[in-house]
Amino acid sequence: MCLLYGVMLNAIRRILSALVLMLQGIAFLAVAETLLLDEKTLSYIEEKHGLTARHRLESWDSLMRLDRSISEKNKLREVNDFFNQLRFISDEMHWQKKDYWATPIEFLSTNGGDCEDFALAKYFTLRELGVSDKKLRLTYVKAIKLNQAHMVLSYFETPSSEPLILDNLDTEIRRASLRRDLLPVYSFNGKGLWLAKEREQGRLVGKSSRISRWTDVIKRMQNINK
């Protein structure tokens with residue numbers, strides 16, 4: 001759930017602790033050979049959530065089978081457009097929890113999620129499409145107009161490039177300098193955690209190798225059809 005900005009700053013330690021979970025979940029990409037879906041998984045989702053949910057997952061599976069040779073810019077556009085079709089819904093309304101980070105399968109099966117779910121689904125899908133972890137950052141920002149904490153996905157073509165922002169609030173992919181409505185706070189990926197700088201990589205403040213709190217997300221991703 002996106003917290004009010006003031007609350008976020010007061011609770012930064014708790015959020016960083018949540019990253020312990022999150023980045024362990026990101027490690028799923030290293031231990032799973034593929035995110036492509038099998039018939040057992042699709043049948044399970046159809047039984048639990050209905051035929052329309054199955055069709056959303058089949059569309060995601062097709063997306064992940066894109067030609068790996070197409071440009072990364074095209075991959076960004078395809079993935080951003082695909083997930084931005086889903087509805088935004090708060091964690092309290094959707095999951096009856098204050099803060100819940102859904103797996104892409106949960107996000108698609110239930111046709112909705114909050115800002116973290118949009119960003120995470122885009123991250124996992126682009127990783128599956130061969131985009132390097134070094135180029136992607138899940139970035140917490142302050143959405144200035146809403147006065148709320150918010151998460152987006154940032155893409156750095158090179159380490160010194162100005163990032164492109166994939167967002168569910170503004171569905172167009174734009175350079176960070178054009179997103180004056182967002183104030184970066186910190187970012188992370190499967191390798192580390194950075195204090196953010198506007199339109200820059202930021203300062204590395206830690207490694208993610210010992211992150212452990214998100215093991216339940218890994219279990220949900222691995223055991224969805226069991």
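Read-outs: derived from the displayed coordinates by stated rules, not from any lab. Bear in mind the structure is a predicted one, so any value in this text is a computation, not a measurement. Neighbour counts are summed over all protein chains in view; Cβ atoms, including those assigned to glycine, are modelled from backbone coordinates with ideal geometry.
Summary table
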{"read-out": "Point-charge dipole on Cβ atoms (K/R +1, D/E -1) for region 103-182, about Cα centre, debye to 20", "value": "340 debye"}
{"read-out": "Listed pairs Lys40/Lys75; Lys40/Lys145; Lys40/Lys142; Lys75/Lys145; Lys48/Lys73; Lys48/Lys122 exceeding 32 Å between Cα atoms", "value": "Lys40/Lys145; Lys40/Lys142; Lys48/Lys73"}
{"read-out": "Cross-link partners of Lys135 among aspartates and glutamates (Cα-Cα below 13 Å; sequence separation of 8 or more within a chain)", "value": "Glu72, Glu157, Glu162, Glu200"}
{"read-out": "Cα→Cβ-extended label distance, 7 Å offset, between Ser59 and Lys145, nm", "value": "2.5 nm"}
{"read-out": "Ranked packing of 55-64, 179-188, most packed first, by mean Cβ within 10 Å", "value": "179-188, 55-64"}
